[in-house]
1. Could you list all residues from region B:119-142 that are closer than 30 Å to B:Ala64 by Cβ and open to solvent by 20 Å² or more (accessible area, probe 1.4 Å)?
2. Filtering region B:139-163 down to residues that are touching a Ser or Thr at 6+ places or on another chain (Cβ under 8 Å) and facing chain A (nearest Cβ under 8 Å), which residue is farthest from B:Pro207 (Cα to Cα)?
3. Being open to solvent by 70 Å² or more (accessible area, probe 1.4 Å) and modelled with pLDDT of 95 or more is true for just one of B:Glu349, B:Glu333. Which residue is that?
4. Starting from residues that are facing chain A (nearest Cβ under 9 Å) and part of a strand (DSSP E or B), keep the ones in region B:117-138 and report whichever is nearest to B:Tyr216 (Cα to Cα).
5. Within region B:97-116, count every residue that is farther than 22 Å from B:Val29 by Cα and either more than 8 Å from chain A (Cβ to nearest Cβ) or basic (Lys, Arg) (or both).
6. Name the pairs: first residue in region B:329-353 and not assigned by TED's automatic domain parsing to the domain that holds B:His364, second residue surrounded by fewer than 18 Cβ atoms within 10 Å (Cβ to Cβ), Cβ to Cβ under 8 Å, at least 6 apart or on different chains?
7. Residues of region A:203-212 being in contact (Cβ under 8 Å) with a residue 12 or more places away in the chain and assigned to a loop (DSSP other than H, G, I, E, B), which ones?
8. For region B:49-59, what are the residues that are more than 11 Å from chain A (Cβ to nearest Cβ) and either aromatic (Phe, Trp, Tyr) or closer than 24 Å to A:Ala226 by Cβ (or both)?
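The values are calculated or read from the model by the stated rules, or taken from the named source; none is laboratory data. This is a predicted model, so every value here is computed, not measured. Please note: Cβ atoms are built from the backbone with ideal geometry, for glycine as well, and neighbour counts cover all protein chains shown. Note: accessible area is taken over every heavy atom of the protein model, side chains too, but ligands, DNA and RNA are not part of it. Shrake-Rupley method; radii C 1.70, N 1.55, O 1.52, S 1.80 Å.
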Protein chains: 2
Amino acid sequence: MRKIFTVVAMLMLCASASAQEFRSAISNVPGNEYPKVSNDMRAIVRYTSKTAKKVQVQGGEGFAAQPVDMVNDGQGNWSVELSGLTPGFHYYWFLVDGVQVNDPASVAYFGYSRPTSGIYAAYPGEDYIDAKDVPHGVVREQWYKSSVTGLWRRAYIYTPAGYDEGKDKYPVFYLLHGMGENERGWSLQGRMNFIMDNLIAEGKAKPMIVVMDCGYTDTMDPATGAIKRSTDAGSLADIYFKDIIPMVEKNYRAKTDRDSRAMAGLSMGGFQTMNIALSNTDKFAYIGGFSAALMMGGRQQVDLKTAYNGAFANPAEFNKKVKLLWFGAGSEEKAFVDAAANMTKQLTEMGVKVESYISEGTYHEWHTWSRCLKEFAPKLFK
Amino acid sequence: MRKIFTVVAMLMLCASASAQEFRSAISNVPGNEYPKVSNDMRAIVRYTSKTAKKVQVQGGEGFAAQPVDMVNDGQGNWSVELSGLTPGFHYYWFLVDGVQVNDPASVAYFGYSRPTSGIYAAYPGEDYIDAKDVPHGVVREQWYKSSVTGLWRRAYIYTPAGYDEGKDKYPVFYLLHGMGENERGWSLQGRMNFIMDNLIAEGKAKPMIVVMDCGYTDTMDPATGAIKRSTDAGSLADIYFKDIIPMVEKNYRAKTDRDSRAMAGLSMGGFQTMNIALSNTDKFAYIGGFSAALMMGGRQQVDLKTAYNGAFANPAEFNKKVKLLWFGAGSEEKAFVDAAANMTKQLTEMGVKVESYISEGTYHEWHTWSRCLKEFAPKLFK
């Protein structure tokens, strides 16, 4: 049991010296004092209701995986202090007399296939994720019509600082989100723009375009307007090759050779990356899985000699062609660590070059993936 | 009483022919069938709970200004049909045994100073707001550090189709949001990018850069990290002149003469526009108020001969200098119609040229402002 939850009524807390260490979370709607977080990995959440009989908080594995009771100060201010948090971003919500409610004080993040509250716990010593006084790129909402689905889709596209002023072409990194999230996750929960800004400013990563599209192949019933969400990797590959990549290479100053194309994705996006990039190594030279759901679709049972369009049939050729095959995961997410380790072991035995990374002390949550991005991006296009 | 609410259990509704006319709302999280809307201005909302004893829906004035009871089909599917809606976007939420809950099936829109559900009712005959097969601009998330507040701020900046390919400089339209909303409101709730794309493609509006920044002058307590939200128009003017306008003119191919600068805002943003642009007509040539809160800060009591930095002291000079002073409002929002009419009447009597517009049948809601944008943007930079 890594976490110990302690319940402290607000009145007691306000009187204690330790309260001084708490700061408003950066994920709060501006103007809200609570939630607060501390550098020793605690958080205080608060919900106001004069009529509720029971209020609990619940969230991601590194925050409050099971509901934790909150305490009413008698004035309708329900609060609790959580400790032993893991760093970075966690989803959370309240259970107010059993009804799941978002925190009105939190920005809404799209997770669990619905708008969900989020809290940035502290991340001591990891300032690569902060907005710093360095040149900043922009993230663009780019709409385009899919020839595959007939629907308008929205990509988020990061262009690095200097893109507008220059004439150079840039390599392109396709970065995929996970299940129940969407194309905005990487820039909002993952703060990918600040991570890339910092890496590029320090000369650790090459300036690159980063494309974040939706991992769902939505189609519409024309009679009812109902959108059918699908995670079908085949259709998504179709959308990448027929719509997304051509759209990016038409509208942006993108290099178009395979050595200038990378793809990585988290969880479901990692599974999709294997199906799209690893199955098409004539088009991608850098391939990454961040907590990749390699077990999806029974993939762990497949014969790696023939899987992924025969990518590994000739290991020597693969090693020459693919400049990077990389797997990262959080130490606390056993199924994903095991999936990556299993794949890495098999591939290594076959003579395929693979790199791997473990994010210490993190679960299947965004901080694992922010760290993966920080590790992975510097290896691209060099 | 413009609206009649009728309660229909889902089982009855599914058996009726009229249900065929309902389509999933475009504001739904993809994959959700409900809410549904019809072209005869009805909507069906739905919430699932097997344990709730009472579920109600409430929202914007043109939707369900007072709570409306929903009916349980016996399986935990609570629903209600609302009729007589006004067109376009409305905020809404559920009251589940009295607890305010967003609809997990709706995209979260930032309104009422918190993430809030939203529903696009139909808008028959008003396709200017739709994504069409025309060249599309992009909306960029542009971070910059404010010299006034010391904090990082996020602007949303629309660049029109062709911006990346060309070398031309563009005029700039500063477009402000309302109270309790933020810099993303115009592109999300207001669909301003599609409105501008369509107007520009049809040759009705000039290609322009549109800058949407935050209308709050947030500052941070360094000891606690708490953000203080302020609507102070003076500080906001400072941020515009010291930070936003220089940032835009440095980072974008922006024309920098006053004839190439416009500002308009909705509600609180309209009040701020008067304080920023009307008080500085040496810097802005086009000025608009969309349901402008002209009554804020007791402005309606002021002497127009001296107000706004003496802008109207010499009407003939004002008419020569300011190419457009424009007020729009929705016919159903009396206080704002009256404020605009009062100002227009006084100014006209003084000999100041003013244009005005009434959006028929709409309240203090986004459809009024989308229509205002459609009317106002074509008048700029000509």
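1. If the condition is that a residue be closer than 30 Å to B:Ala64 by Cβ and open to solvent by 20 Å² or more (accessible area, probe 1.4 Å), then B:Tyr123, B:Pro124, B:Gly125, B:Glu126, B:Asp127, B:Tyr128, B:Asp130, B:Ala131 are the ones that fit.
2. B:Trp152
3. B:Glu349
4. Here the answer is B:Ser117.
5. Number satisfying all stated conditions: 0.
6. Pairs found: none.
7. Answer for region A:203-212, where residues must be in contact (Cβ under 8 Å) with a residue 12 or more places away in the chain and assigned to a loop (DSSP other than H, G, I, E, B): A:Lys204, A:Ala205, A:Lys206, A:Pro207, A:Met208.
8. Within region B:49-59, B:Val57, B:Gly59 meet the criteria.
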